[in-house]
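Accompanying notes for the structure given below.
The values are calculated or read from the model by the stated rules, or taken from the named source; none is laboratory data. Note that the coordinates shown come from a computational prediction; the quantities given were computed from them, not determined experimentally. All Cβ positions, glycine included, derive from the backbone under ideal geometry; neighbour counts span all protein chains shown. The area values use the complete protein model at the heavy-atom level, side chains included, leaving out ligands, DNA and RNA. Shrake-Rupley method; radii C 1.70, N 1.55, O 1.52, S 1.80 Å.
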Amino acid sequence: MTVRIFVPRDAAALALGAKRVAKALAAEIEARGIDARIVRNGSRGLHWLEPMVEVETAQGRIAYGPVKASDVASLLDAGLTTGGNHALYLGKTEELPFLKSQTRLTFARCGIVDPLSLSDYRAHDGLKGLERAVTLAPADIVAHVTESGLRGRGGAGFPTGIKWKTVLDTPGARKYIVCNADEGDSGTFADRMIMEGDPFVLIEGMAIAGVATGATKGFVYIRSEYPHAIATMTEAVEIAHKAGVLGTSVLGSAHAFDIEIRTGAGAYVCGEETALLNSLEGKRGIVRAKPPLPAHKGLFDCPTVINNVISLASVPIIMDKGPAYYKDFGMGRSRGTIPIQIAGNVRHRGLYEAAFGLTLGEIVDDIGGGTASGRPVKAVQVGGPLGAYFPRALFDTPFDYEAFAAKDGLIGHAGIVVFDDTADMLKQARFAMEFCAIESCGKCTPCRIGSTRGVEVADKIAQGIEPEKNRELLADLCNTMKFGSLCALGGFTPYPVTSAMTHFPDDFSRAPLVEAAE
Ligand SMILES: Cc1cc2nc3c(=O)[nH]c(=O)nc-3n(C[C@H](O)[C@H](O)[C@H](O)COP(=O)(O)O)c2cc1C
Ligand code: SF4
């Protein structure tokens with residue numbers, strides 16, 4: 001029987017040499033006359049073990065990693081095709097603690113299936129949600145999504161069902177589903193992993209959104225820095241179209257829905273929904289004032305659903321297993337699961353999907369294994385470049401939208417970046433202001449001018465120039481940006497700055513001239 005060997009095609013694995021591993025493996029398999037087939041799967045999300053090679057055996061899948069091309073011959077000598085022992089042997093994939101303790105709903109298939117095989121997708125419960133959706137009235141689909149408690153995973157946590165209902169209830173000759181795959185937050189990669197590892201789940205989620213709201217056209221707006229995701233999504237859309245999953249009659253129903261892939265040009269602000277719409281329309285990516293909401297007047301002035309990749313990719317399982325099943329996971333008003341992306345200075349970097357409610361300490365210390373450097377954790381930035389820095393004293397905060405907000409933080413797209421005790425929080429605060437200055441769309445003054453002034457004030461504090469006065473000025477500036485900015489880029493940049501000042505005051509009062517002399 002042909003043995004299946006899995007070598008990820010995920011960009012993180014490729015960056016670590018997966019292509020060379022696959023090539024070496026193919027050459028050795030041929031030279032040795034082994035009856036084996038290489039499947040280029042998505043990543044399982046254990047990035048510190050990539051490229052992680054798996055082989056399908058009678059006992060289940062066995063993992064090896066991190067594998068280099070030069071390991072391939074010795075792996076085959078050791079009996080890779082039957083799960084033989086080797087220095088890189090990790091054991092049964094499903095038993096690896098980092099994977100075993102997860103609750104994978106959205107990522108259930110990622111790393112398991114061949115991403116571009118629709119039959120593999122079907123064999124792993126794919127399309128069941130859409131099959132169900134086409135038998136229901138649009139309002140019933142919307143009610144399911146509302147009942148599930150799903151909230152937008154792009155950052156704001158807005159209830160997805162309410163957004164869909166607004167579009168359903170808004171009359172329009174044309175309506176659109178726009179998938180936000182700009183994924184600009186530092187330390188985040190969940191959207192990319194889904195698009196590269198299980199693209200059909202996003203296509204299915206978008207089609208369900210179309211059927212639910214009466215939209216017949218969808219766009220996936222993917223950042224240009226994601227060439228592999230763009231290629232995989234483009235191919236997957238073609239396959240889905242040919243198979244009748246997309247097109248004039250979705251799965252043979254009376255609903256039409258099609259998808260186009262569009263590429264962004266690399267501006268962080270184009271992840272903001274209204275700037276994204278401008279960019280999609282071929283205009284400069286500048287933020288639009290709201291109202292009107294995109295749900296009323298969005299793409300080309302038509303009612304438009306804009307959702308993050310993970311929000312849309314979570315819908316198929318909700319439609320398949322029912323809202324109660326999904327809602328059963330989580331805590332408070334944060335229902336279901338959240339794919340946490342663990343990055344930065346941390347031992348176990350990767351994607352960890354779990355029900356809401358784990359504490360930050362459990363994520364960083366137990367799951368992440370502490371810092372990669374072995375030094376104490378100093379701070380964790382949660383929620384991308386606009387997220388707050390949390391000190392160890394706040395590690396008991398549960399991963400929950402409201403719990404983080406109560407501590408002046410945010411979950412955002414659920415990326416966490418770990419820093420050890422060598423991090424200089426004044427530099428991080430300055431970086432937040434600098435990032436905002438570079439990425440600002442320029443439409444409103446607090447953000448456009450305030451961020452540049454913020455950099456200058458941070459520099460003055462670092463130089464020891466009237467430190468107390470400048471600390472007050474920085475706090476005041478943050479206040480103006482927070483309450484005076486049009487969108488969350490200017491409005492949330494104060495979060496990393498004020499959290500750094502509040503939790504790490506020593507870094508803002510050190511004698512800076514010592515550093516300059518170093
Ligand atoms: C500056 C800025 C950047 C953003 N970047 C992204 C992004 O890359 N991806 C994303 O899904 N949402 C991003 N958002 C949030 C979107 O504006 C919007 O809330 C989201 O796409 C809605 O989808 P959801 O309800 O499924 O979360 C960003 C917001 C701001 C203010
Ligand atoms: S806050 Fe910044 S990015 Fe947002 S609209 Fe104003 S200038 Fe543009």
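Residues in the range 89-97: is at least one among the basic types (Lys, Arg), closer than 27 Å to residue 311 by Cβ and either out of contact with any Asp or Glu (no Cβ under 8 Å at 6 or more places or on another chain) or open to solvent by less than 20 Å² (accessible area, probe 1.4 Å) (or both)? It would help to see each step written out before you state the result.
Step one: of the range 89-97, the residues among the basic types (Lys, Arg) are 92.
When the remaining residues are screened for being closer than 27 Å to residue 311 by Cβ, the result is none.
No, the conditions are met nowhere in the range 89-97.
Report the residue count in the range 446-473 for those that are open to solvent by less than 40 Å² (accessible area, probe 1.4 Å) and within 14 Å of ligand 2 (Cβ to nearest atom). Break it down stepwise before answering.
Initially, the range 446-473 is screened for residues open to solvent by less than 40 Å² (accessible area, probe 1.4 Å), giving 446-447, 450-451, 454-455, 457-458, 461-462, 464, 470.
With within 14 Å of ligand 2 (Cβ to nearest atom) added as a condition, the list becomes 446-447, 450-451, 454.
The qualifying residues number 5.
Taking the condition open to solvent by 40 Å² or more (accessible area, probe 1.4 Å), at positive phi and at pLDDT 95 or above, does residue 357 pass?
Numbers: open to solvent by 40 Å² or more (accessible area, probe 1.4 Å): no; at positive phi: yes; at pLDDT 95 or above: yes.
When the stated conditions are applied, residue 357 does not pass them.
Any residue in the range 284-303 that is more than 16 Å from ligand 2 (Cβ to nearest atom) sitting within a Cβ distance under 6 Å of a residue that is open to solvent by 50 Å² or more (accessible area, probe 1.4 Å)? List the pairs, counting only those 6 or more apart or interchain.
Close Cβ pairs (under 6 Å, with a partner that is open to solvent by 50 Å² or more (accessible area, probe 1.4 Å)) amount to 302/174.
Would you pick out the residues in the range 227-268 that are within 16 Å of ligand 1 (Cβ to nearest atom), aliphatic (A, V, I, L, M) and open to solvent by 10 Å² or more (accessible area, probe 1.4 Å)?
230, 261, 265, 267
Consider residue 99 carefully, then state whether it is in a loop (DSSP other than H, G, I, E, B) and within 30 Å of residue 18 (Cα to Cα).
For residue 99, the condition - in a loop (DSSP other than H, G, I, E, B) and within 30 Å of residue 18 (Cα to Cα) - is not met.
Any idea which of 146, 106 is open to solvent by 30 Å² or more (accessible area, probe 1.4 Å), within 16 Å of ligand 1 (Cβ to nearest atom) and outside the structural domain of residue 348 (by TED's automatic domain parsing)? Break it down into steps so the answer makes sense when it comes.
Numbers: 106 fails: open to solvent by 30 Å² or more (accessible area, probe 1.4 Å).
The conditions single out 146.
With respect to residue 274, is the statement that it is buried (at least 24 other Cβ atoms within 10 Å of the Cβ) and within 20 Å of residue 160 (Cα to Cα) true?
So residue 274 fails the test.
If a residue has to be under 18 Å from residue 339 (Cβ atoms) and open to solvent by 10 Å² or more (accessible area, probe 1.4 Å) to count, how many in the range 414-445 make the cut?
1
Name the residue, out of 409, 442, 384, 415, that is farther than 22 Å from residue 365 by Cβ and either in contact (Cβ under 8 Å) with a residue 12 or more places away in the chain or in the same structural domain as residue 159 (by TED's automatic domain parsing) (or both).
Going through 409, 442, 384, 415 in turn, the sole match is 442.
Under the condition of being open to solvent by less than 10 Å² (accessible area, probe 1.4 Å) and part of a strand (DSSP E or B), which residue from the range 11-54 is farthest from residue 84 (Cα to Cα)?
Here the answer is 46.
Could you check, for the range 474-491, whether at least one of its residues is within 16 Å of ligand 1 (Cβ to nearest atom), open to solvent by 30 Å² or more (accessible area, probe 1.4 Å) and touching a Leu at 6+ places or on another chain (Cβ under 9 Å)? Let's see the steps before the verdict.
Of all residues in the range 474-491, those within 16 Å of ligand 1 (Cβ to nearest atom) come to 481-491.
If we keep only those that are open to solvent by 30 Å² or more (accessible area, probe 1.4 Å) as well, we get 482-484, 486, 488.
Those still in the list that are touching a Leu at 6+ places or on another chain (Cβ under 9 Å) too: 488.
Within the range 474-491, one or more residues are within 16 Å of ligand 1 (Cβ to nearest atom), open to solvent by 30 Å² or more (accessible area, probe 1.4 Å) and touching a Leu at 6+ places or on another chain (Cβ under 9 Å).
Considering only residues that are open to solvent by less than 20 Å² (accessible area, probe 1.4 Å) and in a loop (DSSP other than H, G, I, E, B), look in the range 370-398 and name the one that is nearest to residue 310 (Cα to Cα).
383
Which members of the range 192-226 meet the condition of being surrounded by fewer than 24 Cβ atoms within 10 Å (Cβ to Cβ) and part of a strand (DSSP E or B)?
217, 219, 221
From 189, 158, grab the single residue that is free of Cβ contacts under 8 Å to residues at least 60 places away in the same chain, closer than 30 Å to residue 438 by Cα, away from ligand 2 (no atom under 16 Å from the Cβ) and open to solvent by 10 Å² or more (accessible area, probe 1.4 Å).
When all the criteria are applied, what remains is 158.
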